């Protein structure tokens with residue numbers, strides 16, 4: 001199964017990239033994992049915020065395909081635990097569709113991205129820098145895959 005993570009922001013701290021690389025490397029054994037980075041719109045006045053987020057949303061949606069199963073990550077989304085993620089990952093594999101995660105920038109995802117999404121998840125009730133979400137997501141995908149394979153990485 002192909003998993004794509006579309007994220008706003010091209011420059012991430014080295015420690016973020018290191019974490020993403022570590023879990024991506026582990027996932028590559030079982031999934032075709034890729035990251036699509038989109039430059040964040042230029043900052044400006046708060047009046048420009050809606051325009052910036054809309055532009056980012058258009059670019060994100062241009063990177064998705066009609067058959068993709070899209071999961072938007074949003075603070076107001078549904079909460080999911082690791083065991084549920086493993087079960088969902090198993091289901092998605094059986095559907096034969098590519099899985100795409102959307103990570104917005106500092107101002108979040110545009111409503112068009114949320115409307116396009118098949119599911120909307122919240123990583124946590126805590127507020128994280130959007131770059132950190134990349135590390136958390138890739139680690140959780142690896143952990144969920146470990147559960148499915150019966151590996152001892154995940155302990156309950």
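What follows is calculated from the coordinates using simple rules that are stated; it is not laboratory data. Model, not experiment: these values are computed from the prediction. Because the Cβ atoms are built from the backbone with ideal geometry, glycine has one as well, and the counts that use them run over all protein chains shown.
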Relative contact order of the range 2-149, pairs being alpha-carbon contacts under 8 Å that are 6 or more residues apart, as %: 35 percent
Tell me the label-point distance for the pair residue 63, residue 128, using the 7 Å Cα-to-Cβ offset, in nm and rounded to one decimal. 1.7 nm
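What's the FRET efficiency of residue 136 with residue 115 using the Cβ-Cβ distance as r and R₀ = 25 Å, to the nearest 0.05? Don't skip to the answer; put the middle values down first.
Working: r = 24 Å, r/R0 = 0.97.
Rounded to the nearest 0.05, the efficiency is 0.55.
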Counting only DSSP beta bridges with both residues in the chain, tell me the antiparallel percent, nearest 5. 5 percent
Ratio for the chain, C-alpha Rg to 2.2 N^0.38 Å, reads 1.02
Show log10 I(q)/I(0) for the range 57-103 at q = 0.20, 0.23, 0.25, 0.32 Å⁻¹, two decimals, from a solvent-free Debye sum over equal Cα scatterers. -0.78, -0.95, -1.04, -1.19
Quick one: among 105, 94, 19, which has the greatest mean-square fluctuation in a GNM of the chain with alpha-carbon springs under 10 angstrom? 94
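Indicate the gyration tensor shape class of the range 1-62 (rounded, prolate or oblate), computed on the Cα atoms with a ≥ b ≥ c the square roots of the eigenvalues: a/c under 1.5 is rounded; otherwise a/b larger than b/c is prolate and the rest oblate. Before the final figure, lay out the partial values.
Numbers: a/c = 5.01, a/b = 1.91, b/c = 2.62.
Cα axes put the range 1-62 in the oblate bin.
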Which distance in Å, rounded to a whole number, links the C-alpha centroids of the range 1-21 and the range 65-131? 15 Å
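Using only the Cα atoms, work out Rg/Rh for the range 89-156, with Rh taken as the Kirkwood radius, to two decimals. Don't skip to the end; give the middle numbers.
On the way: Rg = 13.9 Å, Rh = 13.9 Å.
Over the Cα atoms of the range 89-156, Rg/Rh equals 1.00.
Can you tell me, using C-alpha contacts under 8 Å and at least 6 residues apart, the relative contact order of the range 8-91 as a whole percent?
On the way: 26 pairs, mean separation 22.0, N = 84.
Computed value for the range 8-91: 26 percent relative contact order.
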When all C-alpha to C-alpha distances in the range 44-125 are sorted into bins of 5 Å, what percent of pairs does each bin hold, rounded to whole numbers? 3, 14, 24, 22, 18, 11, 5, 2, 1, 0
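So how do 130, 79 line up by other beta-carbon neighbours within 10 Å, fewest first?
Working: 130 19, 79 10.
Ascending number of Cβ neighbours within 10 Å: 79, 130.
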Under a crude label model (7 Å from the Cα following the beta-carbon direction), how far is residue 28 from residue 91 in nanometres? 3.1 nm
